[in-house]
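All remarks here apply to the structure that follows.
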Amino acid sequence: MNRVGRRLRADPVARIGTVVLLALVLAAALAGWIAPDPLAGSLDERLAAPSWHHPFGTDHQGRDVLSRTLYGARLSLGIGLTARLVSVLVGGILGLFAGFRGGLADSVIMRTADVFFAFPSLLLLIGITAAFEPGITLLLVALGIVGWAEVARLVRSEAMRVRESEYVQAALALGVPWPRILWRHVAPNCLNPLLVSFTMGVATTILAESSLSFLGLGAQPPAASWGAMVSAGKDYLTSAPWVSVFPGLMLALSVLSLNLLGDAVRDALDPRTVIGNPGERGEDA
Amino acid sequence: MIGYATRRLLLLAPVLLGVAAVAFVLSYLLPGDPARALAGERYREEDLARIRHELKLDRPLPVQFGSFVGRLVRGDLGTSFATGRPVAQELAERFPRTLLLATASMGLATFLGIALGVAALIARGRFADRLSMLLALGGISTPVFVSAILLLWLFALRLRWVPPSGYVDLDPRTLILPAVTLGVRSAAVIARMTRASLLDVLGADYVRTSRAKGLREGAVVGRHALRNALVPVITLIGLDFGSYLSGSVLTESIFAWPGVGQYALQAILRRDFPAIQGTVLFLSVVFVLANLAVDLAYGWLDPRIRHRLAARRSA
Amino acid sequence: MSRSRAVRLLVLFAGLALGGCQATPDRDVSTLHLAWSSDPATLDPAKVVDVVGANAVSLVYQGLVAFRADGTIGPALAARWTVSDDGLRYRFELDPAAKDSAGRPVGAADVVASFRRLLAPETASPRTWVLETIEGAEAFRRGEADTIRGLTAEEGVVTITLSRPAAAFLALLAMPNAAVVPAGAEPDGTIATGPWRVEERVRDSHLTFARNPHWSGPAPGVERIAVRILPEEFTRIAEWETGRLDVLEVPSSQADRFQGDPRLVRQVALVTEYVGLNTEDPVLSDPRVRRALNHAVNVDRILAKVLGGRGVRAVGAVPPTLPGGGAGEPFEHDVALARRLLDEANVPDSWELELWQRPSPFASQVLEAVQADLAEAGIRSVIRRRDWSALKASIDAGDTDAFFINWYADYPDPENFLVPLFHSRNIGGGGNRARYRRADVDADLDRLERTADPEARARLAEDLDVRIHADAPWIYLWHPVQESLVSDRVDGYRPSAVPAAERWLDVRLRGDGSR
């Protein structure tokens, strides 16, 4: 972890990314205090240009775009972080198990991962979000499911590597129960790639959510993620650009800073890889 | 290598069966039913029942799944509920368009990305390097629908250099905007990869040797490092290409590009089960094959990897 | 229309740096350029149910009669017809010159074949109701009879006998579903009976219609109609702005920016938008609650702000342009009255109304405004969004409390806004999505269907519309004003009353109007 910290301090670009991200998280956390009600609006103030009173202008319902953007940070960042956590947990546990145990468990888990990997992911997302009661929980599950296969592959190969190491082999030979070895020795060694995959994946997940919102399948109104705001505002792009430009900017900015942070984390923890950000399936994010 | 490819192809069968099962379950989980989607806003219940019967939706689910798999085994993707045409034919019409867009995007991305990556590397540590890498990150961070709308607005609406939308049989220039939209994103990823990979290779011994011989930096990069550094870049290109082949729903609908992505979205919205299942299956095959091609190319380009592939085979 | 200065500067700069090569569309006066929001899934008259499909089918196929642009009914395959005094027997004399686009005569046998196909069980058409009043149609549809008893063909004459008088029968025959496909031809528009035939079709991309050279009516003013399929509003606008479209229906989100544009043509559409209330719901079954909802929503304000005034407030289901329409008294916006009515009805405080919509930005805007108004009257509500297929299934099954939806006229007749929407036999998929059920209303609706005399029909329709409105099975919203942009080079454009009437017969293009 110290390596990450050093890296962040040393690299000015990474530093900027971290500061921006922290500012966004802070804004999201404090939205309740600093911003007026994101749902309060009067049709009389519809599509008002940015002013002292509404620094980002108002949207088609006369709601303050600044405060909606701040609350949107909560939703977008929150969904991105949580959904990715779901992917990393599910994929991590299954990958560990498959890589360490091998055999039938490995085959079953990895073939399932292959299925999810091969399945066109945006279609899977659209399908899942259309099939069930839309809402945050569903979004989290859907986005989480789409990402797990990739994590599982990553962790599995790491777990296999660790299993072959002398001390794990020695522990096995000494009759130490395998769950204990898995937990004590294998899991901690897989933490770095997991952390890298988590940081990188959050950005992808936020983009995926925004794609879904663009199709009307993301966060449900009146709550608005950034993607939903951009989508609702795109029809006013020429007459009232502020409705979609500000949330769009925030979206890009947060993804950008997450990518910067992800780079730094990767460079610090995983010097072996040179992979940039290969992105995931469904590049339409 | 042939053995490896064959083994991978054999492994495709269970994966595709899984994909088929997920696609089947997912389409039946979708709320609303295909018969109602076909019936419109004013219909009689008897007619609805009749439509259901004709679509064989009134049979038990296991029977429906059985006949679905049976059809697949015979290579039949079924008939679209909405249009009454074979799904295979619908895909055969649309896939070449998606292929064209994917090829153009990746061509552009390859050229731009490698050029930018090399330029950044040569200027590494300097402002130009940081700026181009930040720009590349910006390319990755902008949602596709945002860049699509901005490009359309600027180049078609304001500057009027290109038509806003359409497919090449209307006007060849219609390819430009969607290709740039997707290409810029991939170019950004490729540029970062090229730079990182070059940096890696430049640390290697033989590069140091040629530098010691007094070759100029440009020559070092161009003559020796680039070829080796491109191996992971090509993998990346292959992966992105593979994913564009499954259609880019948003890009296609914004630019009215009649490819498989739009078709898939419509199939879902219309609850056109055979179209959903057929498209998903077809796209999965394309993706898996593209991945396989990438792996093989990887091994072919870099003999060292062949051994690793052999190792992975046992996994 | 305000653009930010920075953007203008950027554009100016980019334009200076790279300017010159402008993309200009080719313009020829023989082809009319249009845009549709979706590709019609089918051109089969027996299967078509959507607006775009109705539009397309009416271009390539015609029935015995056809809608004129103003919605009145004129001759098509039938040159003239007579109706017996009891309104049960129709005798159509076919136009002897009628030919399909392959040059083959279209006769009585083709008409019978098409009607049989619509009703045949194996066709599984969702639109059998269009011909359901023909005697013997039901037995044939169920497979109990081999022929349709009330449908006979002789040389050049089709005779139809109805099982009960149906005043709107001619209008039903003008619907795209009753259009005639040449016997034995694929129903894909390539061999057409209407003014146009499909010349080229690239699915999801474009459709080109060319004149049917053998059509017996007067030749259309242009040789071709080129239709682009453009699903995104933003893209349609861009195509219009760059001069690639001759006529464009203005999406409501873009209406503001085209105000004052001299190329704008507007008309009150034969459409009613409303929030349907499930009258079978325990709370909503009380008319006081439903009236309270109508009093709570400030329709005039939403109309002014969200629609920019582009609509006429609905005081009934029937649009004011139809006989008997527009006679009701609007529910006044009165929050206090709404609260009082809710108190009288003993609505529990915990009551929460679910407002359902499809995921369109416009629907969200309307319902978010409705939600805000309801909140002011102390009514809690949540918005539920589902894609159209899911939403329709929920509504038709009666699973929804309240839903934002609209009704497009199939034919311009008040009956079309009353019988399907409020007759108890049409509950659910038949059109009565409020699940409204009143015996006296049913009886009068039956009477309306039979009444042929225009004046008596209008009086009856008005009485029904006003009565139902007072009972408030919906939150009545508005009849939208449809706006179309028509380019300078188009001559003779008239907005059509119903989609099936839009056949582009009188439109001509001027060579000098190109931009």
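Out of A:A118, A:A152, A:A130, A:A171, I need the residue that is hydrophobic (A, V, I, L, M, F, W, C) and modelled with pLDDT of 85 or more. Which one? Show your work before the answer.
Working: A:A118 fails: modelled with pLDDT of 85 or more; A:A130 fails: modelled with pLDDT of 85 or more; A:A171 fails: modelled with pLDDT of 85 or more.
The conditions single out A:A152.
Just give me the residues in region B:120-175 being more than 14 Å from chain C (Cβ to nearest Cβ), aliphatic (A, V, I, L, M), without any contact (Cβ under 8 Å) to a residue 12 or more places away in the chain and farther than 21 Å from A:L258 by Cβ, in sequence order.
Step one: of region B:120-175, the residues more than 14 Å from chain C (Cβ to nearest Cβ) are B:120-143.
Retained after the next criterion (residues that are aliphatic (A, V, I, L, M)): B:120-123, B:128, B:131, B:133-137, B:140.
Checking the rest, the ones that are also without any contact (Cβ under 8 Å) to a residue 12 or more places away in the chain come to B:123, B:128, B:131, B:134.
Result: B:A123, B:A128.
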Of everything in region C:100-130 that's surrounded by fewer than 19 Cβ atoms within 10 Å (Cβ to Cβ) and within 15 Å of C:Y61 (Cβ to Cβ), which residue is farthest from the other protein chains (Cβ to nearest Cβ)? C:R104
Failed item, numbered, when C:R291 is tested on (1) among the basic types (K, R); (2) at pLDDT 95 or above; (3) part of a loop (DSSP other than H, G, I, E, B): (3)
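Report whether or not A:S211 is among the hydroxyl-bearing types (S, T, Y), surrounded by 23 or more Cβ atoms within 10 Å (Cβ to Cβ) and at the interface with another protein chain (Cβ under 8 Å from one of its Cβ atoms).
Working: among the hydroxyl-bearing types (S, T, Y): yes; surrounded by 23 or more Cβ atoms within 10 Å (Cβ to Cβ): yes; at the interface with another protein chain (Cβ under 8 Å from one of its Cβ atoms): yes.
Taking the combined requirement at face value, the residue satisfies it.
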Find all pairs meeting these conditions: Cβ atoms under 6 angstrom apart; at least six residues apart or on different chains; first residue within region C:326-339 and of a type outside the set (D, E, K, R); second residue surrounded by fewer than 16 Cβ atoms within 10 Å (Cβ to Cβ) and in a helix (DSSP H, G or I). C:V335/C:E376
Tell me the residue from C:E233, C:E239, C:E200, C:E223 that is farther than 30 Å from C:L337 by Cβ, surrounded by fewer than 18 Cβ atoms within 10 Å (Cβ to Cβ), within 14 Å of chain B (Cβ to nearest Cβ) and not β-branched (V, I, T), please. C:E200
Which condition number does C:V247 fail, the rest of (1) under 21 Å from C:V507 (Cα atoms); (2) surrounded by 17 or more Cβ atoms within 10 Å (Cβ to Cβ); (3) without any contact (Cβ under 8 Å) to a residue 24 or more places away in the chain being met? (3)
Quick one: B:P96 ticks every box in (1) surrounded by fewer than 18 Cβ atoms within 10 Å (Cβ to Cβ); (2) more than 22 Å from the chain's Cα centre (by Cα); (3) more than 14 Å from chain A (Cβ to nearest Cβ) bar one, so which box is it? (2)
Under 8 Å between Cβ atoms, at least 6 apart or on separate chains: pull out the pairs that start in region A:95-115 with a residue that is touching a residue at least 24 places away in the same chain (Cβ under 8 Å) and end on any residue that is among the aromatic types (F, W, Y). A:F100/A:W178; A:R101/A:W178; A:I109/A:F97; A:A113/A:W148
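If you scan region C:295-320, which residues turn out to be within 13 Å of C:D465 (Cβ to Cβ), out of contact with any helix residue (DSSP H, G or I) (no Cβ under 6 Å at 6 or more places or on another chain) and either of a type outside the set (A, V, I, L, M) or not assigned by TED's automatic domain parsing to the domain that holds C:A456 (or both)?
Going residue by residue through region C:295-320, those that are within 13 Å of C:D465 (Cβ to Cβ) are C:314-320.
Checking the rest, the ones that are also out of contact with any helix residue (DSSP H, G or I) (no Cβ under 6 Å at 6 or more places or on another chain) come to C:314-315, C:319-320.
Selection gives C:P319, C:P320.
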I'm told B:L77 meets every condition in (1) aliphatic (A, V, I, L, M); (2) in a helix (DSSP H, G or I); (3) within 27 Å of B:S284 (Cα to Cα) except one. Can you identify the failing condition by its number? (2)
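Determine which member of the set C:A171, C:A185 is within 22 Å of the chain's Cα centre (by Cα) and either of a type in the set (A, V, I, L, M, F, W, C) or surrounded by 18 or more Cβ atoms within 10 Å (Cβ to Cβ) (or both). Explain how you work it out, then say what you get.
Values: C:A185 fails: within 22 Å of the chain's Cα centre (by Cα).
When all the criteria are applied, what remains is C:A171.
Considering only residues that are aliphatic (A, V, I, L, M) and more than 15 Å from C:V299 (Cβ to Cβ), which ones fall in region C:312-347? Reasoning before the result, please.
Quick first cut of region C:312-347, residues aliphatic (A, V, I, L, M) only: C:312, C:314-315, C:317-318, C:322, C:327, C:335-338, C:341-342, C:345, C:347.
C:V318, C:L322, C:A327, C:A336, C:L341, C:L342, C:A345, C:V347, listed by residue number.
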Please pick out the residue among C:G194, C:G150 that is within 20 Å of C:P45 (Cβ to Cβ) and surrounded by 22 or more Cβ atoms within 10 Å (Cβ to Cβ). C:G194
Note on region C:345-393: residues in a loop (DSSP other than H, G, I, E, B) and facing chain A (nearest Cβ under 9 Å) are C:R358, C:P359, C:S360, C:R386, C:D387
Cβ pairs under 8 Å, 6+ apart, first in region C:362-378 and free of Cβ contacts under 8 Å to residues at least 12 places away in the same chain and under 14 Å from C:K305 (Cβ atoms), second outside any helix (DSSP H, G or I) and not basic (K, R): C:A372/A:G41; C:A372/A:Q61
Tally, over region B:146-174, of residues that are surrounded by fewer than 20 Cβ atoms within 10 Å (Cβ to Cβ) and over 22 Å from A:L237 (Cβ atoms): 6
Being within 9 Å of chain C (Cβ to nearest Cβ) and among the small types (G, A, S) is the requirement here; does B:A267 meet it? no
Are there any pairs with C-beta distances below 6 angstrom linking a residue in region C:464-476 that is farther than 20 Å from C:D413 by Cα and β-branched (V, I, T) to a residue that is part of a helix (DSSP H, G or I) and at pLDDT 95 or above, with the two at least 6 apart or on different chains, and if so which? C:I475/C:L293; C:I475/C:N294
All positions within region C:343-367 that are more than 25 Å from the chain's Cα centre (by Cα) and under 20 Å from A:E133 (Cα atoms): C:E352, C:L353, C:E354
For region B:81-88, indicate whether the set of residues that are surrounded by fewer than 15 Cβ atoms within 10 Å (Cβ to Cβ), under 26 Å from the mean Cα position of the chain (by Cα), within 30 Å of B:L281 (Cα to Cα) and without any contact (Cβ under 8 Å) to a residue 40 or more places away in the chain is non-empty. no
Selection over region A:123-164 where residues are away from chain B (no Cβ under 11 Å), in contact (Cβ under 8 Å) with a residue 24 or more places away in the chain and among the hydroxyl-bearing types (S, T, Y) yields a count of 0
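Which of the residues belonging to region C:239-257 are of a type in the set (A, V, I, L, M, F, W, C) and closer than 19 Å to C:R494 by Cβ? First the steps, then the outcome.
Initially, region C:239-257 is screened for residues of a type in the set (A, V, I, L, M, F, W, C), giving C:240, C:245, C:247-248, C:250, C:255.
C:L245, C:V247, C:L248, C:V250, listed by residue number.
Can we say A:P55 is touching a strand residue (DSSP E or B) at 6+ places or on another chain (Cβ under 6 Å) and more than 12 Å from every other protein chain (Cβ to nearest Cβ)? Break it down into steps so the answer makes sense when it comes.
Values: touching a strand residue (DSSP E or B) at 6+ places or on another chain (Cβ under 6 Å): no; more than 12 Å from every other protein chain (Cβ to nearest Cβ): yes.
In short, no.
Quick check: is even one residue across region A:150-158 part of a loop (DSSP other than H, G, I, E, B) and more than 17 Å from the chain's Cα centre (by Cα)?
Residues of region A:150-158 part of a loop (DSSP other than H, G, I, E, B): none.
Within region A:150-158 (the criterion being part of a loop (DSSP other than H, G, I, E, B) and more than 17 Å from the chain's Cα centre (by Cα)), the answer is no, since none of the residues qualifies.
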Determine which single condition C:F422 fails, assuming it passes every other condition in (1) facing chain B (nearest Cβ under 8 Å); (2) in contact with a strand residue (DSSP E or B) (Cβ under 9 Å, 6 or more places away or on another chain); (3) more than 18 Å from C:F169 (Cβ to Cβ). (1)
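Does C:T279 satisfy being at pLDDT 95 or above, closer than 23 Å to C:D463 by Cα, out of contact with any strand residue (DSSP E or B) (no Cβ under 7 Å at 6 or more places or on another chain) and crowded, with 17+ Cβ neighbours inside 10 Å?
Yes.
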Scan the helices (runs of 4 or more DSSP H) fully inside region B:185-279 and keep the ones with 2 or more residues being modelled with pLDDT of 85 or more. B:226-245, B:249-254, B:260-270
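The values are calculated or read from the model by the stated rules, or taken from the named source; none is laboratory data. These figures come from a predicted structure and were not determined experimentally. Positions of Cβ are generated from backbone atoms using ideal geometry, with glycine treated the same way; all protein chains shown enter the neighbour counts.
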